[in-house]
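Participant: Sending over a structure as structure tokens; questions will come in a sec.
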Ligand SMILES: *Cc1c(COP(=O)(O)O)cnc(C)c1O
């Protein structure tokens, strides 16, 4: 190395030291509830502050760079903030943060065992653990577990649908869409995640490849309607996607009746447990996830409720699908597989199970978090999120039923309405669909959400639609470990805020009398 290169390396190392101090400082202040969730600046303003050397690309002094880190911190969403509720992720687990830093420094590419021996082994251990938690293997034979970490559950679902399609149509991997006559269809509930539609776009099935099954009163996929759709002779179902914890309502589809139908018709069952999979660490496991072990494939995102740094997701398969996975995904790459003389290494090459080439070792952070907290620690976090949601529901139904109404409370999600004073029905559920009153109620959450943005995010909550209901507020707690009195205070502040903002809206009578539709 030239002398000047060496000097530069030393300087860079010093910069790492200085920036780590800055980052640690930001961690110690990350759940400060006295600062706003984020600065309310627009793209152009942030761009001006963040672009250092406009046009020239000249090297910047370390002090300037450190300031720039500060700017990035300043204009970022504070996801560990106690009022950052409803995005399905939140405060990261600091053991996961430490392991993620190590993953970055190692820079091991987790495709062949030879190039990432420790991370490949950790990934296998994490897959064994998760497969056991979901009942795909037992603790005696967990070394048979099959799965990989994937960059997000959306991507995992894409791979699962590919496997389902290539299992049903043996020629699919060679002939592509020439392998089938009838249109292949994947069935899922109308509240299922949009990643299923995106997967169908990529698999060449188009949006028509998705057959959406209505939900019943409880928000679950309607079993009768699913059975009917599976019998429709005009298309050919190749997969049912059950959702364990929907994004909008938190509801778990009935995995047992769905898996019975899939067994009878020999159809691949994929369970999207991206959000609700965390229930496998919870007291409510048996209620929500009964039957999940009968899935052919499962996706789960540990970066949601468990608090792993984004991204940290796994695709788990039934052990009997191992050969199908490696046969369907694998293509020849002699430049990579140069250890044929070492049969041990060969059988652990993850590259044969994935469409990726370069892969980050996302399993390490999950594994470290698990080692640090134990299964009990995970259970505490998950049950803490659930009890926070139960407290919100109780506050609404016991103290505020005159002004609020709960649609669903499942797992850590609460869906609720503010009952506007002009409402004539005794329940929002009874307001006739698409009546003036229905539309007026439907508008309110978006208006309150807008007020929230212009008030510089005192909270961040979401509004959603489901079934025939007008829009409702949806809160999903994903960070849990807070003092009881702080939780209570936050719940009350939030409901007061919604109530206050609603009464400021001119919509109440105005919209109704203007006959807004
Ligand atoms: C978040 C979510 C996904 C997507 O998961 P990513 O890991 O963010 O890709 C899929 N399904 C459901 C039900 C989700 O809530």
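The values are calculated or read from the model by the stated rules, or taken from the named source; none is laboratory data. Model, not experiment: these values are computed from the prediction. Here Cβ is always computed from backbone atoms with ideal geometry, including for glycine, and neighbour counts include all displayed protein chains.
Participant: Give the range 308-320 a look and list any residue that's out of contact with any helix residue (DSSP H, G or I) (no Cβ under 7 Å at 6 or more places or on another chain), away from the ligand (no atom under 12 Å from the Cβ) and touching a residue at least 40 places away in the same chain (Cβ under 8 Å), or say none.
Facilitator: 318
Participant: Taking the criterion of being farther than 16 Å from residue 355 by Cα, crowded, with 20+ Cβ neighbours inside 10 Å and more than 22 Å from the chain's Cα centre (by Cα), would at least one residue in the range 147-167 satisfy it?
Facilitator: No, the conditions are met nowhere in the range 147-167.
Participant: Mind counting the residues in the range 194-239 that are within 30 Å of residue 385 (Cβ to Cβ) and away from the ligand (no atom under 16 Å from the Cβ)?
Facilitator: Of the residues in the range 194-239, 7 are within 30 Å of residue 385 (Cβ to Cβ) and away from the ligand (no atom under 16 Å from the Cβ).
Participant: Further question: Across the range 447-468, which residue is nearest to residue 216 (Cα to Cα) among those that are in a loop (DSSP other than H, G, I, E, B) and more than 24 Å from the chain's Cα centre (by Cα)?
Facilitator: So, considering only residues that are in a loop (DSSP other than H, G, I, E, B) and more than 24 Å from the chain's Cα centre (by Cα), the one nearest to residue 216 (Cα to Cα) is 468.
Participant: In the range 147-160, is there at least one residue being away from the ligand (no atom under 15 Å from the Cβ) and in a helix (DSSP H, G or I)?
Facilitator: No, the conditions are met nowhere in the range 147-160.
Participant: Moving to a separate point now. Could you tell me whether residue 248 is on the phi < 0 side of the Ramachandran plot and at pLDDT below 95?
Facilitator: Yes, satisfied.
Participant: Please count how many residues of the range 33-88 are more than 16 Å from the ligand (Cβ to nearest atom) and in contact (Cβ under 8 Å) with a residue 40 or more places away in the chain.
Facilitator: So the answer is 18.
Here's the yes/no breakdown for (1) part of a helix (DSSP H, G or I); (2) more than 16 Å from the ligand (Cβ to nearest atom):
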residue: 241; (1), (2): no, no
residue: 248; (1), (2): no, no
residue: 259; (1), (2): yes, yes
residue: 263; (1), (2): yes, yes
residue: 271; (1), (2): no, no
residue: 274; (1), (2): no, no
residue: 283; (1), (2): no, yes
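Participant: Could you run through the range 120-140 and say how many residues are modelled with pLDDT of 95 or more and either in a helix (DSSP H, G or I) or farther than 22 Å from residue 288 by Cα (or both)?
Facilitator: 14
Participant: Then there's this: Which one of these is surrounded by 24 or more Cβ atoms within 10 Å (Cβ to Cβ), outside any loop (DSSP other than H, G, I, E, B) and at pLDDT 95 or above: 314, 308?
Facilitator: 314
Participant: Quick check, is residue 185 surrounded by fewer than 24 Cβ atoms within 10 Å (Cβ to Cβ), at pLDDT 95 or above and more than 16 Å from the ligand (Cβ to nearest atom)?
Facilitator: So residue 185 passes the test.
Participant: Please pick out the residue among 111, 193 that is modelled with pLDDT under 95 and outside any helix (DSSP H, G or I).
Facilitator: Going through 111, 193 in turn, just one is modelled with pLDDT under 95 and outside any helix (DSSP H, G or I): 111.
Participant: Could you tell me whether the range 50-62 includes any residue that is over 25 Å from the mean Cα position of the chain (by Cα), exposed (fewer than 15 other Cβ atoms within 10 Å of the Cβ) and in a helix (DSSP H, G or I)?
Facilitator: Yes, some residue in the range 50-62 is over 25 Å from the mean Cα position of the chain (by Cα), exposed (fewer than 15 other Cβ atoms within 10 Å of the Cβ) and in a helix (DSSP H, G or I).
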